[in-house]
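Asker: Take a look at this one; I'll ask things after.
No lab work stands behind these numbers, since they all come straight from the coordinates. Quick caveat, the model's predicted, so the values are computed rather than measured. Ideal geometry is used to build each Cβ from the backbone, glycine not excepted, and the neighbour counts take in all protein chains shown.
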Amino acid sequence: PVKGCVTEQKQTRPRPLHTESSLLAAMETAGRELSDEAEREAMKDAGIGTPATRAAIIETLFAREYVRREKKSLVPTDKGLAVYAVVRDKKIADVAMTGGWELA
């Protein structure tokens, strides 16, 4: 039985925008937040891209106008948000799947 409760009003904060260096780091460590232990272990040494291709991937985001620089932050453009809306629930956006490609 519940004897009492207290409610608190709080507000969540969005994650901060990536910088180029934080995006590179996120690409290197992609998969660490996977809930499936086997997938997390498989991704441990993979990440997204290779050390040789990660910077080029980020430059492609700029070239295709998916992101823009605002001071040091990378800000998604309307075009980038539209692409994200299309792919976010698809396998192509699954870090375990794309990381598996790196291992193949």
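Asker: Under 13 Å from a point 7 Å along the Cα-to-Cβ line of Glu70: which residues of the stretch 13-28 have their amide N that close?
Answerer: Counting backbone N atoms under 13 Å from the label point, the list is 16-19.
Asker: Calculated from DSSP H runs of 4 or more alone, at -39500 (n - 2.57) each and per residue, what is the 222 nm mean residue ellipticity of the chain, nearest 500?
Answerer: -12000 deg cm²/dmol
Asker: Once fully extended, how much extra length lies between Asp36 and Val6, figured as 0.36 nm per residue of separation less the alpha-carbon to alpha-carbon distance?
Answerer: Gain in length upon complete extension: 7.4 nm.
Asker: Among Met97, Thr50, Phe62, whose Cα projects farthest towards the positive end of the dipole of the stretch 20-103, with charges put on the beta-carbon of Lys, Arg (+1) and Asp, Glu (-1)?
Answerer: The residue sitting farthest along the positive end of the dipole is Phe62.
Asker: So, in the chain, how many Lys pairs have Cα atoms under 25 Å apart, if the pair is 8 or more places apart or on different chains?
Answerer: So the count of such lysine pairs works out to 5.
Asker: Figure the gain on full extension for Asp89 and Thr53 (residue separation times 0.36 nm, minus the Cα-Cα span) and round it to one decimal in nm.
Answerer: Full-extension gain reported as 10.5 nm.
Asker: With a 10 Å cut-off between alpha carbons and a GNM built on the chain, which of Arg15, Arg54, Arg88 moves the most?
Answerer: Arg15
Asker: Springs between alpha-carbon pairs under 10 angstrom, Gaussian network model over the chain: which of Ser21, Ser35, Ser73 fluctuates most?
Answerer: Ser35
Asker: Now, a different point. Using a simple charge model, +1 on the beta-carbon of Lys and Arg, -1 on the beta-carbon of Asp and Glu, nothing else, what dipole does the stretch 20-103 show about its Cα centre, in debye to the nearest 20?
Answerer: Result for the stretch 20-103 is approximately 420 debye, rounded to the nearest 20.
Asker: Separate question: Considering only the other residues whose Cβ falls under 13 Å of the Cβ of Glu65, what net charge follows from Lys and Arg at +1 and Asp and Glu at -1?
Answerer: Once positives and negatives cancel, what remains is +2.
Asker: Taking just the C-alpha trace of the stretch 20-103, give me its Rg and Dmax in Å.
Answerer: 13.4, 39
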